[in-house]
Amino acid sequence: MKKILVVYHSRTGFTSTVARQIANACNADLESVKDIRRHCDRKTYIRLALEAAIHSDTVIRRVIHAPEDYDIVVIGTPIWCWNIASPVRAYIINHRHQLKRVAFFCTYGGSGHVKVMHDLEHLTGQTPMATLTLKDDDIKGDRYHILVSEFITILSHVIHP
Ligand SMILES: Cc1cc2nc3c(=O)[nH]c(=O)nc-3n(C[C@H](O)[C@H](O)[C@H](O)COP(=O)(O)O)c2cc1C
């Protein structure tokens, strides 16, 4: 049976909510990418924004699932300063040669989603099977479930053509 892995980083829960919904619907495995540092001081937002903007290195914890074991790796990132969140960037850089096929989603407050989708494509070197971009306000309401369902349907067609 073909397998899907959903990889994401989430600081305040939006990306995690979407990742879990996708994983539940697709019977996929979940990989939460963790920065080895703690996010607890008031400077954190600025530090994270800067880190994402200048693409500085971030050290992430060792992953549980081997991405090469999966037919599709779904990569989910929050947008930080119009960029891929640095832990997700680190994951892609560490594992991009192990990714067979990819799909992307991002969560964001208001802007940067078009750029980040391009950045994900560029960084992985792959055209995604499906993409999904969701605003925080949509995730707080019910509307986003339809968009997630459409995304899952596309993935299902790739897995079961
Ligand atoms: C450091 C930082 C920078 C952010 N920069 C942006 C941005 O450029 N554009 C945007 O629309 N949202 C931005 N946001 C908002 C997050 O993308 C958004 O709240 C996202 O859903 C958070 O996901 P999470 O709850 O999984 O951590 C930023 C958030 C943080 C913490």
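Can you compute the FRET efficiency between Thr44 and Asn24 using 1/(1 + (r/R0)^6), with r the Cβ-Cβ distance and R0 = 35 Å? Round to the nearest 0.05.
According to the calculation, E is roughly 0.70.
Over what distance in Å are the Cα centres of the stretch 4-24 and the stretch 73-108 separated?
First find each Cα centre; the distance between them is then 12 Å.
Amide H of Leu30 versus every other amide H placed in the peptide plane: which residues, excluding those fewer than 5 positions away on the same chain, fall under 5 Å?
When sequence neighbours closer than 5 places are left aside, the close amide H contacts are Val6.
Express as a percent, rounded to the nearest 5, the fraction of DSSP beta bridges in the chain (both residues included) that run antiparallel.
Around 15 percent of the beta bridges assigned by DSSP in the chain are antiparallel ones.
Under the rule of at least 5 residues apart or a separate chain, name every residue whose amide H is placed under 5 Å from the amide H of His9.
Answer set, sorted by chain and number: Val33, Gly76.
Once phi is turned into ³J(HN,Hα) by the Karplus curve 6.51 cos²θ - 1.76 cosθ + 1.60 with θ = phi - 60°, what whole-Hz value does each residue of the stretch 69-76 show in order, with x for glycine and proline?
Calculated HN-Hα couplings, in order: 7, 10, 6, 10, 10, 8, 10, x Hz.
For the stretch 22-31, take each phi angle, set θ = phi - 60°, evaluate the Karplus expression 6.51 cos²θ - 1.76 cosθ + 1.60, and give the result in whole Hz per residue in order, putting x for glycine and proline.
5, 4, 4, 5, 9, 6, 9, 7, 10, 10
What residues qualify as long-range amide H neighbours of Val102, i.e. H under 5 Å apart, gap of 5 or more or another chain, H built at 1.01 Å from N?
HN-HN under 5 Å from Val102: Val73, Met129.
Taking only Cα atoms, what is the 0 to 90° angle, nearest 10, from helix 113-124's long axis to the longest principal axis of the chain?
With rounding to tens, the tilt is 80 degrees.
Nearest 10 degrees, 0 to 90: what angle lies between the long axis of helix 86-95 and the longest principal axis of the chain (Cα atoms)?
Its long axis makes an angle of about 50 degrees.
With a 10 Å radius around each residue's Cβ, average the other Cβ atoms per peptide and rank 25-32, 124-131, highest first.
My ranking of the peptides, most packed first, is 25-32, 124-131.
Do the sum for the chain: with -39,500 (n - 2.57) for every DSSP H run of n ≥ 4, divided by all residues, what is the mean residue ellipticity at 222 nm, to the nearest 500 deg cm²/dmol?
Counting only the DSSP helices, I get -12500 deg cm²/dmol.
Tilt of helix 44-53 relative to the longest C-alpha principal axis of the chain, in degrees (0 to 90, nearest 10)?
The angle comes out at about 60 degrees.
May I ask you to evaluate 6.51 cos²θ - 1.76 cosθ + 1.60, the Karplus curve with θ = phi - 60°, for each residue of the stretch 56-61 and list the ³J(HN,Hα) values in order in whole Hz, giving x for glycine and proline?
Once θ is set to phi - 60°, the couplings for the stretch 56-61 become 6, 5, 10, 9, 10, 5 Hz.
Full-extension gain between Arg143 and Glu68, please, as 0.36 nm times their residue separation minus the C-alpha to C-alpha distance.
Gain on extension, Arg143 to Glu68, equals 23.7 nm.
Every number in this text was worked out from the coordinates using simple rules, so none of it is lab data. Just so it is clear, the structure is predicted and the values come from calculations on it, not from any experiment. All Cβ positions, even for glycine, are placed from backbone atoms using ideal geometry, and neighbour counts span all protein chains on display.
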